[in-house]
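The values are calculated or read from the model by the stated rules, or taken from the named source; none is laboratory data. Predicted, not measured: the structure shown is a model, and the values here were computed from it. Cβ placement follows ideal geometry from the backbone for every residue including glycine, while neighbour counts extend to all protein chains displayed.
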Amino acid sequence: MKFGVVQFPGSNCDFDAYHALRHAMKRPTVMLWHKDHDLQGVDCVVLPGGFAYGDYLRVGAIARFSPLMQQVKAFARGGGHVIGICNGFQVLLELGLLPGAMLRNKNLKFLCQPVHIRIENARTDFTRAGRKGQVLRVPIAHFDGNYYAPARTLNEVEANGEVVFRYCDADGKVTDEANVNGSLHAIAGIRNAAGNVLGMMPHPERAAEALLGSTDGRTVFESLILSLERPGAKARP
Amino acid sequence: MIDKALLDQHNLTEDEYRLIVELIGKEPNLTELGIFSVMWSEHCGYKSSRVHLKKFPTEGPRVVQGPGENAGILDIGDGQVVVFKIESHNHPSYIEPYQGAATGVGGILRDIFTMGARPIAVLDSLRFGPPDDAKNRSVMEGVVSGISGYGNSIGVPTVGGEVYFDPCYNLNPLVNVFCLGLADKDKIFYAKAEGAGNKVLYVGAKTGRDGIHGATMASAEFGKETEHKRPNVQVGDPFKEKLLLEACLEVMDRGLIVGIQDMGAAGLTCSTTEMAAKSHMGIVVDLDQVPQREMGMTPYEILLSESQERMLLVATPGKVAAVQAVFAKWDLDAPVIGEVVEGGRALISFKGEVVVDIPVDAVVNLCPAYDRPILRPGPPPPAPPLESLPVPDDLGAVLLKLLASPTIADKEWVFRQYDHMVQTNTVLVPGADAAVLRIKGSPKALAMTLDGNGLYTRLDPRTGARIAVAEACRNLACVGARPIGVTNCLNFGNPEKPEVMGQFEQAVAGIAEACRTFGIPVTGGNVSFYNDTEGLSIHPTPVLGIVGLIDDIREIARPGFRAAGDAVVLIGDDREELGGTEYLKTHYGLEAGAPPAIDLEQEKRNQEFLIESIEAGLVASAHDLSEGGLAVALAECAFHARGRIGCRVDLESPLRDDALLFGESQSRILVTCRKAGLDAFLKSAAAHGVTARAIGRTGGSELVIQHAGRTVLQLTVRQAFRAWKDSLPSFFQVKT
């Protein structure tokens, strides 16, 4: 399978994602320039972390208007796999591909630290290499990761098993202390109802090599590879 | 008409003015006077420091570029170089902490990528007044968010640094930012304006009225009117800088330009005249072509503006279109504003009229150097004799107090606001003795650290400076890295005061001696004088930034105890040295006595032995002893261990308990080894001429220290950990 990493002018985890996918996961990976109109036949689009257009306005608010994002939107609507990491998650919310919004972290500071997240649903294309309840240690690095959605949306997301990751402690317990950014329901990652779009605040590409302290982030990429490379996997739209 | 009052406003003396008239053969007009005032300021001209800085060793087999360029360059083999430098942004950071610190980061990043290197790491050395004061807290919060806001956005990790607190920084915080970049050796660029007929392009942000005379401001003492200087501070735009970074690296990578210079201090003035002077050429500039974001700017304002995120490029006429296409891809303008010419003059026009016509050599190279009067520092204020200071009854309570003292306490509150992992190279994160970054595609790794203890330097400038170099190298040794080069930021008071120049002269001598002993070249740095506010000078604070190389990333050491049951070994000798210690300051409220002595040759032997032992796989963990001495180091090793591991040590020493536990004797390192490897380790130490004693073992949930069979300290690791961990956040309590 082939990954494509979107490059906005202010993306800064684009090469990190490329490195993890190309060198740690050993899969063909291409860069997709935000002004282009072509997804180069990739099987999975990765929206990386960073500050897409500076994010002086609401995070991700300008990125949704870029030419390439119109392609990504169509690709996702057609069932193509898309994963948004950190700023990529924020862009997916602005694009309307995922429900909810991001507020500033509850302590009103940027937070960069390893956190624990629990797999809430292992029957997704992004988590099938793991198991439900499994605790992953993956870093976060964001100012706006405090997930918010109105009560009705939140109930739907919960009821449909769309919550993929929740912040927890090392033992898998969801606590206020472990929910460092203050997200509602300690949500760290969600998927859409169709199951082909994932947004997550933690950075799996920063936890893909033992030298950097954790390989738990590989679970997400391994799951995608498993899902998209298995015989009979859904053909690209 | 130029009179004394106008010269005063421009920080120029009458003698300097006479020299300008002589050099340019005419009375300068106001714009020309402005140009000389910034280029001949202390900040740009190094007029008080130049005669002393010559003492630094600057040569070595790895040196590709020593002092005098935007940054120093060292060869690390395999066709790669590191480009690194440190800069101060002290004055702006006091006036406007967020933007002052943010633009400090922006400026040092440009110094690095202007040479063709991609910045891969930032470290900051910060000094504030104590955090129990609201104003100090607000400065600190602003500075930390400024660094975080800029560095995180542009995607360069802030991987380390240090934070000290002392009342001498109340009105004059120090913000020193270090940056290191990686480049291919055959793709280094310089600030050259070669080839008559080549075009001069302006790229990046538009020019506004911000930061006019920033460099001049940084070259004078502050009084009570600093509030009015806020407009002298620039405003940063990290997104613009990110675009500029990518576009510049792209035109350099594709070989589209001849030379490049960033517009930092003294803006367009500095970049145009320096590029021309370096190539012995002249330059013609049409200010009407300079993109401006405000109406009605005068030539004086355009030339002296320090608006951020701007660069000047020189390209052959045939490549201008290709350069402009790259910048257009990144949504940046790149207008041609001038041309390189023969003749060595800067000819600048505005609305069809020549407004500046001066020889560039006079501006750039002929700034006077002063050998200012020096008053050698006297002996430090003596500490009271130890007999008059009782050994505290409860040494455990003293340790808790030391661990909670802001200088020693955990700095996670600071560094978790920095993205220290972006670019996925960070192997050792902030809090370790030194930051360690892998080099993708290579077994090698880079280590880097910033160090400087202002109190030591105040008490004895020469010894303090030698210790700063030694400690930085020791921090590198603790992770298994050999030092390869040095940059430094020398933060001092008003150089017109002979006692300040005396401190400066001694500190420079100390740094030079230590660098010679370690065989490491100084490749550049920065001098920040006039760190006086309302007549009070800061501690003289040289900050050393030292870069180390690790041959094999698999052979590094970390500070935390690795496992229970390992042997705890102390390398180095304990002496009765309490002068200038954090203990004396925290427990007795004394900043006095002579700082610890240092034997540089012994230090070097200890470090070399440590590095070899790490490479031989004999070391399970290593941590340097610094502020707070042995007891604090033991506690920190316990805190850094996964799952927090305690230890029990049994000391035999003629020293009194407090000197043994909290003394800051130099050249000491705390190491742990597997029991099976202990004998080999100790034998090897003896063979290297190094003192190493097994003092205890790791394990349990307590820190227990015995002295001559008596238990002198016993605490749970948890209790000690909380004191260390909770201290800094407690000053900034936010209810959530």
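Annotations for the structure displayed:
- The residue of segment B:1-43 that is farthest from the chain's Cα centre (by Cα), among those that are closer than 21 Å to B:H91 by Cβ and among the acidic types (D, E), is B:D8.
- Selection status of A:R166, buried (at least 19 other Cβ atoms within 10 Å of the Cβ), farther than 20 Å from A:V42 by Cβ, in contact with a strand residue (DSSP E or B) (Cβ under 8 Å, 6 or more places away or on another chain) and more than 14 Å from every other protein chain (Cβ to nearest Cβ): yes
- Tally, over segment B:52-85, of residues that are of a type in the set (D, E), closer than 19 Å to B:C515 by Cα and modelled with pLDDT under 95: 0
- Scanning segment A:26-53 for residues that are within 14 Å of chain B (Cβ to nearest Cβ) and more than 21 Å from A:I140 (Cβ to Cβ), we see that the one that is surrounded by the fewest Cβ atoms within 10 Å (Cβ to Cβ) is A:K35.
- Flag for A:T153 being farther than 27 Å from B:L428 by Cα, in contact (Cβ under 8 Å) with a residue 60 or more places away in the chain and among the polar types (S, T, N, Q): no
- Exclusive hit being out of contact with any strand residue (DSSP E or B) (no Cβ under 8 Å at 6 or more places or on another chain), more than 14 Å from chain A (Cβ to nearest Cβ), over 17 Å from A:G50 (Cα atoms) and in contact (Cβ under 8 Å) with a residue 40 or more places away in the chain, set B:D132, B:D111, B:D124: B:D132
- Taking the criterion of being part of a loop (DSSP other than H, G, I, E, B) and closer than 21 Å to B:C179 by Cβ, the residues of segment B:61-84 that qualify are B:R62, B:G66, B:G68, B:N70, B:A71.
- Verdict on B:D410 being part of a loop (DSSP other than H, G, I, E, B), in contact (Cβ under 8 Å) with a residue 24 or more places away in the chain, more than 30 Å from A:A24 (Cβ to Cβ) and within 25 Å of the chain's Cα centre (by Cα): yes
- Every residue from segment B:237-256 that is under 19 Å from B:G211 (Cβ atoms), surrounded by 24 or more Cβ atoms within 10 Å (Cβ to Cβ) and within 8 Å of chain A (Cβ to nearest Cβ): B:P238
- Scanning segment B:309-335 for residues that are within 14 Å of chain A (Cβ to nearest Cβ) and touching a residue at least 12 places away in the same chain (Cβ under 8 Å) yields B:E309, B:V326, B:F327, B:K329, B:W330, B:D331, B:L332.
- Within segment B:1-58, the residues that satisfy the criterion of being among the hydroxyl-bearing types (S, T, Y) and part of a loop (DSSP other than H, G, I, E, B) are B:T13, B:S41, B:Y46, B:S48, B:S49, B:T58.
- Subset of segment A:12-23 that is part of a helix (DSSP H, G or I) and surrounded by 18 or more Cβ atoms within 10 Å (Cβ to Cβ) - its residue that is nearest to the other protein chains (Cβ to nearest Cβ): A:D16
- Residue within segment B:85-96 that is touching a residue at least 60 places away in the same chain (Cβ under 8 Å), in a helix (DSSP H, G or I), surrounded by 24 or more Cβ atoms within 10 Å (Cβ to Cβ) and out of contact with any Lys or Arg (no Cβ under 9 Å at 6 or more places or on another chain) present: yes
- Within segment B:152-164, the set of residues being within 26 Å of B:A468 (Cβ to Cβ) and at the interface with chain A (Cβ under 10 Å from one of its Cβ atoms) comprises B:V156, B:P157, B:T158.
- Filter result (in a loop (DSSP other than H, G, I, E, B) and among the hydrophobic types (A, V, I, L, M, F, W, C)) within segment B:527-568: B:F529, B:I538, B:I553, B:I556, B:A557, B:F561, B:A563, B:A564
- B:A477 vs. criteria in a loop (DSSP other than H, G, I, E, B), surrounded by 23 or more Cβ atoms within 10 Å (Cβ to Cβ), more than 14 Å from chain A (Cβ to nearest Cβ) and in contact with a helix residue (DSSP H, G or I) (Cβ under 6 Å, 6 or more places away or on another chain): no
- Any hit, segment B:360-373, residues being touching a residue at least 40 places away in the same chain (Cβ under 8 Å), of a type in the set (F, W, Y) and either outside any loop (DSSP other than H, G, I, E, B) or more than 24 Å from B:G68 (Cβ to Cβ) (or both): no
- Selection status of B:D599, free of Cβ contacts under 8 Å to residues at least 60 places away in the same chain and either surrounded by fewer than 17 Cβ atoms within 10 Å (Cβ to Cβ) or farther than 30 Å from B:D460 by Cα (or both): no
- Unique residue being among the small types (G, A, S), at pLDDT below 95 and either out of contact with any Phe, Trp or Tyr (no Cβ under 9 Å at 6 or more places or on another chain) or surrounded by 17 or more Cβ atoms within 10 Å (Cβ to Cβ) (or both) when the list is B:G338, B:G282, B:G259, B:G296: B:G296
- In segment B:406-452, residue nearest to the other protein chains (Cβ to nearest Cβ) [restricted to those that are basic (K, R) and closer than 23 Å to B:F732 by Cβ]: B:R416
- Lone qualifier among B:E27, B:E14 - being surrounded by fewer than 17 Cβ atoms within 10 Å (Cβ to Cβ), among the acidic types (D, E) and touching a residue at least 24 places away in the same chain (Cβ under 8 Å): B:E27
- The lone exception for A:S227 - which of (1) without any contact (Cβ under 8 Å) to a residue 12 or more places away in the chain; (2) away from chain B (no Cβ under 14 Å); (3) not basic (K, R) it fails: (1)
- Any hit, segment B:613-621, residues being charged (D, E, K, R), in a helix (DSSP H, G or I) and farther than 19 Å from B:A514 by Cα: yes
- Test result for B:A117, within 26 Å of B:A514 (Cβ to Cβ) and surrounded by 24 or more Cβ atoms within 10 Å (Cβ to Cβ): no
- Among residues of segment A:196-224 being part of a loop (DSSP other than H, G, I, E, B) and buried (at least 19 other Cβ atoms within 10 Å of the Cβ), the one that is farthest from the other protein chains (Cβ to nearest Cβ) is A:N196.
- Subset of segment B:485-526 [of a type in the set (S, T, N, Q), surrounded by 24 or more Cβ atoms within 10 Å (Cβ to Cβ) and in a helix (DSSP H, G or I)]: B:Q503
- Residue that is farthest from the other protein chains (Cβ to nearest Cβ) [pool: residues in segment A:1-11 that are in a loop (DSSP other than H, G, I, E, B) and under 24 Å from B:S153 (Cβ atoms)]: A:F8
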